[in-house]
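The values are calculated or read from the model by the stated rules, or taken from the named source; none is laboratory data. Fair warning: this is a prediction, and the values are worked out from it, not measured in the lab. Cβ coordinates were reconstructed from backbone atoms using ideal geometry, including for glycine residues, and neighbour counts include every protein chain displayed. To get the accessible areas, we keep the full protein, side chains included, count just its heavy atoms, and leave off ligands, DNA and RNA. Shrake-Rupley method; radii C 1.70, N 1.55, O 1.52, S 1.80 Å.
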Amino acid sequence: MTDAPAHREAPDAEAVPAVPSAPERAPSRVAVERLYPEIDGGRFPAKRVAGDEMVVEVNAVADGHDELRCALLHRRDGATAWTETPMTSLVNDRWRGSFPVPALGAYEYTAEAWIDRFRTWRRDFERRLEVRQDVAVELLVAAQLVGAAAARTTGEAARKLHATSRALLPPVDVQARIKTALDETLLGLMDEHGERANVTRYPRTARVMVDPPRAAFSAWYELFPRSASTKAGKHGTFRDVIDRLPYIAGLGFDVLYLPPIHPIGITHRKGKNNAVTCGIDDPGSPWAIGAGAGGHTAIHPKLGTIDDFRALVRAAGEHGMDVALDIAFQCSPDHPWITEHPLWFRRRPDGTARYAENPPKKYEDIYPLDFESGDWRGLWEALRDVFLYWAEQGVHIFRVDNPHTKPFAFWEWVIAEVKRAHPEALFLAEAFTRPQVMYELAKVGFSQSYTYFAWRNSAWELRQYFEELTQTELSEFFRPNLWPNTPDILTEYLQAGGEPAFRARLLLAATLGANYGIYGPSFEKGEAIPRAPGSEEYRDSEKYEVRTWDVDESSAMADFIRRVNAIRRENEALHNDRSLRFHPVDNEQLLCYSKQSADGESVIVVVVNVDPHFTQSGWVHLPPADVGMPDGAPFQVHDLLGDARYIWEGDGHFVQLDPRSTPAHIFAVRKKLRSEREFEYYF
């Protein structure tokens, strides 16, 4: 086993800045600074998916007035040779370049800049010509620069440069020499072979981790396999789940997420509604993992066999879906590890294992693992092997329960270990905790992260939160996965808002985020009764009992989900988070935002009524330029939910949304109409 990664080094409080000494050789005149993205000084990688273009920016400056050039250096992690890509000057000494990341795994990049003596000469030469100065000596300088470049190279390039150097000298006619000096072919040759003076490289190397496309765009459906049977009171099986796959795929979901599928402990088993005592038929919580039938690599006998599970994974693939498995690193008192590895658990003074607590909550049916035990290496390896075992069964997406209660260093190590064997593996962090803890988990390797979306209800809250997630450095490493509900979370908004609240929250999740999910049958049925007033726990929670869901495939909610997911798939603008931009509305109950594809061809504008009780109307401020249209140009918007079309002109547009019938508009911006006649018809 490799050593745990060093995580942070504390600064030396006694350190005193050293007085710089005189350099032994002339220092470079070029400074290269502020590489972006560079997460924590290069300590952690940025995140992209295969097929993306990695865009990098850097500052490059020099004293004086010489022309600078800047290059982006990039390579696969572990390679020795750099690939160089020219960077383009923006404004205020900022440079931008990009490189493709077609393959899974890590890439590294940095930048370097230098003074380009030939481009500096050429710029000044053109200025001299403009004011009709004598350029005879300047042409001799050019001949020297080109001749020196010829001496540094070989082959055809050297031959052309030698010939050009001679053509810049007398007795060749001055006008011919001027034409030669300004030739674009010569400029290209000199860019490649000319002198690079004062070359300076950025002092650090940054990295980017490239994941499968599913990491950036996915729709999750959570289903308890034990509740998949259509017969009331019957424990469901993997075969029952297979029967449901056509329906779930038909709704437009591409990730089927299963809570833990392992044997459930008997000792201190929880009863219905989280009761501390259970009845003889109570199945217990799937998160109380481990019994006589096995632990984290075993399957609950009532669900089926490992062959049945493999059949489910294959069948899901045939329907275009991946199976995501819940990984919860905790053990019931009956887990085999309790006796096989007693050092992996903390003990109380009386010698008994300490069960999980989060005062005032008690979880008597589970024991947490002790990551500080004397056998921590053995524990880490065993937990790594859990991931590897399920990856061998065809599972490559893992939803990890409560990762914030385990060491950051462990996650950094184990995710790297799993990705080394299975670079296609993805990890979703279920961590509803302090923001910086959530961000740290994303930095150490989690591919996606749960968010506070469920509790952001007003338009201003949503705007503020999502601007933070998408318009700051967070967007480089923190991928939000938005869930309106989970088996643990039934928000007050859903409890009080009825079906309009469920529709609004689904639409917000599906369009604000490129990754989203729902706790499936419960959401479709609009389940909204809490266990007690003020609680976010469900009454008769599926976490503690087998449920039978009578899901109507032709229900209005199913049709709504199906339509929203189809809109997501068909419009590339909704496949990313980075382009999210909000637009002013004069009614605080309305939220307006837009997204665009990288090429700008797909543009979506969404207006949502966040009030589930009353009709709201207002004016959206959306200048044409915000959606890629010329100022003053009218453009058509097509409401993909209601199929109406409108011509918008100017920057003020009236909307009215009744939450019972039309909770939102999802407008596709059409930049080109097929004919003037079509324009006149809609106008």
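Residue ranking by accessible heavy-atom surface, 1.4 Å probe, largest first, among Thr433, Thr154, Thr83 comes out as Thr154, Thr83, Thr433. Compactness of region 272-370, taken as the C-alpha radius of gyration over 2.2 N^0.38 Å, stands at 1.28. Simple point charges give the picture: +1 on the Cβ of Lys and Arg, -1 on the Cβ of Asp and Glu, and for region 317-474 a dipole about the Cα centre of about 440 debye. Relative to the compact-globule estimate of 2.2 N^0.38 Å, the Cα radius of gyration of region 561-683 comes out at 1.02. Here the calculated FRET efficiency for Lys525 and Phe432, from their Cβ-Cβ distance with R0 = 30 Å, stands at 0.80, rounded to the nearest 0.05.
For the chain, the longest principal axis of the alpha carbon atoms and the long axis of helix 376-392 meet at an angle near 90°. Just so you know, the averaged projected area of the alpha carbon convex hull for region 490-600 sits at 8.8 nm².
Comparing His404, Phe371, Ala416 along the charge dipole axis of region 366-430, the residue lying farthest to the positive side is Ala416, per the Cβ-charge model.
Just the protein heavy atoms count here, and of the accessible area of region 432-508 at 1.4 Å, carbon and sulfur take up 49 percent. Each of the peptides 364-371, 475-482, 348-355, 418-425 was scored by the mean count of other Cβ atoms within 10 Å over its residues; in descending order, highest first, they stand as 475-482, 364-371, 418-425, 348-355.
For Arg347 and His422, a Förster radius of 35 Å and the Cβ-Cβ distance give a FRET efficiency of 0.50, rounded to the nearest 0.05. Of all beta bridges that DSSP places with both ends in the chain, some 75 percent have antiparallel geometry.
Taking only Cα atoms, what is the 0 to 90° angle, nearest 10, from helix 556-570's long axis to the longest principal axis of the chain? Once rounded, the angle reads 20 degrees. For the pairs Lys234/Lys406; Lys406/Lys543; Lys419/Lys671, flag any whose C-alpha to C-alpha distance is greater than 32 Å. Pairs exceeding 32 Å: Lys234/Lys406; Lys419/Lys671. In a fully extended conformation the segment linking Ala293 and Arg196 would gain 28.1 nm over its present Cα-Cα distance, using 0.36 nm per residue. Over every Cα atom in region 313-367, the radius of gyration and the widest Cα-Cα span, Dmax, amount to 17.0, 54 Å. Protein heavy-atom surface of region 559-683, 1.4 angstrom probe: 47% of the accessible area is carbon and sulfur, with nucleic acids and ligands not counted. For the pair Thr85 and Arg314, label points projected 7 Å from Cα toward Cβ lie 4.1 nm apart. Couplings 3J(HN,Hα) for region 316-329, derived from phi with the Karplus relation 6.51 cos²θ - 1.76 cosθ + 1.60 (θ = phi - 60°), are 4, x, 5, 9, x, 10, 9, 8, 9, 10, 6, 10, 10, 8 Hz, where x marks Gly and Pro. Amide H to amide H distances under 5 Å link Phe44 with Ile39, where only residues 5 or more positions off or on other chains count and H is placed in the peptide plane.
Computed from the alpha carbon positions, the gyration tensor of region 273-324 leads to an equivalent ellipsoid with semi-axes of 28, 14, 10 Å, biggest first. Dipole magnitude for the chain: about 800 debye, using +1 per Lys or Arg Cβ and -1 per Asp or Glu Cβ, origin at the Cα centre. Based on alpha-carbon atoms, the Kirkwood radius and the radius of gyration of the chain give Rg/Rh equal to 1.06. Note that region 397-406 has calculated 3J(HN,Hα) couplings of 10, 10, 9, 9, 7, 6, x, 6, 9, 10 Hz, one per residue in order, obtained from phi through the Karplus relation 6.51 cos²θ - 1.76 cosθ + 1.60 (θ = phi - 60°); glycine and proline are x. Annotation: aspartates and glutamates with alpha-carbon distance below 15 angstrom to Lys160 (same-chain offsets under eight excluded): Asp183, Glu184, Asp191, Glu192.
At an R0 of 60 angstrom, the distance between the Cβ atoms of Glu340 and Arg166 translates into a FRET efficiency of 0.10. In percent, rounded to a whole number, the relative contact order of region 542-672 is 21, using alpha-carbon pairs under 8 Å and six or more apart.
Normalised by 2.2 N^0.38 Å, where N is the number of residues, the C-alpha radius of gyration of region 345-407 stands at 1.34. Looking at the chain, the accessible area is 45 square angstrom per residue; that uses a 1.4 Å probe and ignores ligands, DNA and RNA.
Each residue of region 136-288 gets 285 Å³ once the volume of the Cα convex hull is shared out per residue.
The mean sequence separation of alpha-carbon pairs under 8 Å and at least six residues apart, normalised by the residue count of the chain, gives a relative contact order of 10 percent.
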